[in-house]
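The values are calculated or read from the model by the stated rules, or taken from the named source; none is laboratory data. This structure is a prediction, so every number in the text was calculated from the model and none was measured. Methodologically, a virtual Cβ is constructed for each residue, glycine included, from the backbone with ideal geometry; neighbour enumeration extends over all protein chains shown. Heavy atoms of the whole protein, side chains included, go into the accessibility calculation; ligands, DNA and RNA do not. Shrake-Rupley method; radii C 1.70, N 1.55, O 1.52, S 1.80 Å.
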Amino acid sequence: MSLVFAGIASHAPGITGRAHLADPTVARDFHGAFRALGERLAAARPDALIVIAAEHFANFFMNNMPSFAVGMAERYQGPIEDPEWLGIARTKVPGNAALSRRLIREMMQSVDLAYAEEWQFDHGIMVPLHFLTPRYDLPVVPININCQGPPLAPLHRVWGLGEALRRAADSVPERIAVIGTGGISHWPATPDSGKINEAWDREFLERWQANDRQALVSYSDEATYRDAGQGGFEIRTFIAVAAAAKGRGTLYHYRPIPIFAVGCTIADMSIGA
Amino acid sequence: MSLYQMQKFLFDINRDRGVQQQYRDDLDGLLDRYELTAEERGAIATGDIGLIYVLGANGQLLMHYAAFLGMPWAEYIAAMRRGVSRYGPVRAGLYHMTTAMDEKVAGV
């Protein structure tokens, strides 16, 4: 059928794992916006959900690090982290290996991909699913972009990944939704955890909503690291979604929540031609 | 400096319950599997999160190891700050500290 829904959301583990340490009103507003994104996602009646994530050494390590990897399993499991630490119970998540295979074959026409028939979801996927598909009943196809272990794929190549994904989604009979998960500026898991460059984030989100390719791919990793921390490398997931959706974005929630270590973001994007 | 090997240890222990069990039963035997410097090996053997941080470990690996050692979040943040105070700035990797020593960015 085609791509029927595109959105982006934060995935920081504190969103669930440290919810009890946050201002209850602030946490409730954000969690509510997250669930509302899930309702819009469901209203698009997708047959499968592609999650473009930036994992944190759950499956991929510097011994053999793919820039881009796509899951090709019948089922996945997560979280790999301590469920109590993350605040999400361990569960199985359905996949769709045949659909993965068709998507991968089409994407490979223009992008080199690794594929994986084993994949343990970390907070990068489990936190979004916890809010978006809390019954874990929608088949998921995970895509990982290496945002942790440089060298990282350049942003114009990430754009190409998103374009390939769109072409692939439009080539299958299923209705496909895509969610990109990541941070904008953040310094996670360091003593700086909680530092957020709000001005930088808002500038990025303007570029994202306008779907301004040139502006989105013009960030250098050096500038991102300086202004947005090592967590800022995860803008790759949001950029890939913009390339796939080809539409205009709507921002529903953005607020720095330091105890969650990130500017908490919920947005979706119209599907353009 | 064998940061790759130290991070490989963290990667393995974070995701493999067998490695976690060997950590408890036979730490020396486990650490023999990695080509670590004496400083790295000592940091792991004593659970010195601050030193492992200063040696350059990626925080996405280190925070789970800290949780495995039973460290609450605030204590993990404090341990990294203590490490920088004791051993100096982070020597490698991407997870440098950019805030002041007494700055509690997230209030913890």
Could you give the size of the charge dipole of chain A about its Cα centre, using +1 on the Cβ of each K and R and -1 on the Cβ of each D and E, expressed in debye and rounded to the nearest 20? 620 debye
Note down the nm distance, to one decimal, between modelled labels 7 Å out along Cα→Cβ at A:Ala210 and at B:Arg86. 5.0 nm
If each DSSP helix of 4+ residues adds -39,500 (n - 2.57) and the sum is divided by the residues in chain A, what number results at 222 nm, nearest 500 deg cm²/dmol? -11000 deg cm²/dmol
Any residues in region B:77-108 that have 40 Å² or more less accessible area with all protein chains than in their chain alone, probe 1.4 Å, and which are they? B:Leu94, B:Tyr95, B:Thr98, B:Val105, B:Ala106
Please give the residues from region A:184-208 for which the solvent-accessible area of heavy atoms, probe 1.4 Å, is smaller by at least 20 Å² with all protein chains in place than with the chain isolated. A:Pro188, A:Ala189, A:Thr190, A:Pro191, A:Asp192, A:Ser193, A:Lys195
Quick check for you: with a 1.4 Å probe and neighbouring chains kept, what is the accessible area per residue of region A:72-138, in Å²? 49 Å²
For chain A, modelled as a GNM with alpha-carbon contacts under 10 angstrom, which of A:Gly162, A:Gly249, A:Gly194 fluctuates the most? A:Gly194
Could you do me a favour and compute the accessible area per residue for region B:1-88, 1.4 Å probe, result in Å²? 41 Å²
Considering Cα pairs under 8 angstrom that are at least six residues apart, work out the relative contact order of chain A and quote it in whole percent. 31 percent
Sulfur and carbon atoms: percent of accessible area, region A:3-101 [1.4 Å]: 47 percent
State, as an integer percentage, the relative contact order of region A:148-270 based on alpha-carbon contacts under 8 Å between residues 6 or more apart. 35 percent
For chain B, build the charge dipole from Cβ charges (+1 Lys, Arg; -1 Asp, Glu) around the Cα centre, then report which of B:Gln60, B:Val108, B:Phe9 sits farthest towards its positive end. B:Val108
Take each uninterrupted DSSP H stretch in chain A, measure its Cα extent along the helix axis, and return the ones at 20 Å or beyond whose mean Kyte-Doolittle hydropathy is at least -1.0. A:24-43, A:155-171
How far apart, in nanometres, would the label points at B:Lys104 and A:Met108 be if each is projected 7 angstrom from Cα along the Cα-to-Cβ direction? 5.4 nm
Could you work out what % of the accessible surface of chain B is carbon and sulfur, using a 1.4 angstrom probe and leaving DNA, RNA and ligands out of the count? 49 percent
If I require 15 Å or longer along the helix axis, counting alpha carbons, and a Kyte-Doolittle average no lower than -0.5, what helices from chain B are left? Use full DSSP H segments. B:3-15, B:73-87
Mean separation of Cα contacts under 8 Å (at least 6 apart) over the residue count of chain B, i.e. the relative contact order in percent, is 27 percent
Accessible surface buried upon B-A contact (total; probe 1.4 Å; Å², nearest 100): 2700 Å²
Residues of region A:51-94 losing 10 Å² or more of accessible surface, assembly versus chain alone, probe 1.4 Å, please list them. A:His56, A:Phe57, A:Ala58, A:Asn59, A:Phe61, A:Met62, A:Asn63, A:Ile80, A:Glu81, A:Trp85, A:Arg90
Low-density loop cleavage sites - trypsin sites (Lys or Arg not before Pro) in region B:17-46, where at most 13 other Cβ are within 10 Å (DSSP): B:Arg33
